[in-house]
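Accompanying notes for the structure given below.
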Amino acid sequence: MLLPFLYIDSTKDKGRGVFTRKKIAAGTLVETAPVIVMSGKDRTLLDQTPLHDYIFIWGQEKNQCCMALGYIPIYNHSYRSNCEYFMDYDEQIMFIKTVRAIDKDEELTINYNGNWNDAAKVWFDVNE
């Protein structure tokens with residue numbers, strides 16, 4: 001499930017990102033997508049490729065990784081994100097939900113640390 005008014009476009013300084021063609025209310029489920037689950041051994045290999053920046057740590061033990069399908073790999077990081085992501089390990093899906101209202105043509109962002117308001121430093125330089 002992907003809201004039909006979401007689209008991918010270029011950002012000023014983060015490459016591509018996910019945007020909306022209409023205003024979205026806080027608490028809205030904007031995307032649900034299946035994931036491809038991989039082992040920790042696979043992650044070691046993926047970390048040596050450009051896919052490193054698009055995979056998520058996965059599983060109760062956090063010893064796996066996954067590649068989400070849909071737009072989920074394209075959401076950019078923000079410490080002041082307007083969305084949050086959730087993982088359903090049993091169903092092997094991820095979903096994105098807004099944490100505040102989002103304006104038309106605004107970029108939708110997630111916090112790569114997992115919680116929308118987590119200020120822990122991520123593994124790359126952030127220009128915010």
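Readers should treat all values here as calculations from the given coordinates under stated rules, not as data from a laboratory. This is a predicted model, so every value here is computed, not measured. Every residue, glycine among them, receives a Cβ derived from its backbone with ideal geometry; neighbour counts consider all protein chains shown.
Structure data summary
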quantity	calculated
Debye, to nearest 20: dipole size of the range 6-110, +1 on Lys, Arg Cβ, -1 on Asp, Glu Cβ	320
Under 5 Å, built H, 5+ apart or other chain: amide partners of Lys14	none
5 angstrom amide H check on Asn76, placed H, neighbours 5+ away	Val18, Ile110
Over 21 Å (Cα to Cα) - which of Lys23/Lys97; Lys12/Lys62; Lys22/Lys97; Lys12/Lys104; Lys14/Lys104 fall in this group	Lys12/Lys62
Share antiparallel - DSSP beta bridges, the chain, percent rounded to 5	95
Principal axis dimensions, largest first and in whole angstrom, of the chain by Cα	41, 32, 24
Taking Val37, Val99, Val30 and counting other C-beta atoms within 10 Å, the order from fewest to most	Val37, Val99, Val30
At 1.306 mPa s and 10 °C, Stokes diffusion of the range 53-104 via Kirkwood alpha-carbon radius, µm² per second	130
Amide H within-cut-off set for Ala101, under 5 Å, with H built and near neighbours excluded	Ala26
Likely footprinting exposure, Met87, Met94, fewest C-beta neighbours within 10 Å first	Met87, Met94
Furthest towards positive pole of dipole, Thr32, Tyr71, Tyr7, structure part the range 6-110, Cβ charges	Tyr7
Mean separation of Cα contacts under 8 Å, 6 or more apart, over the residue count of the chain: relative contact order %	30
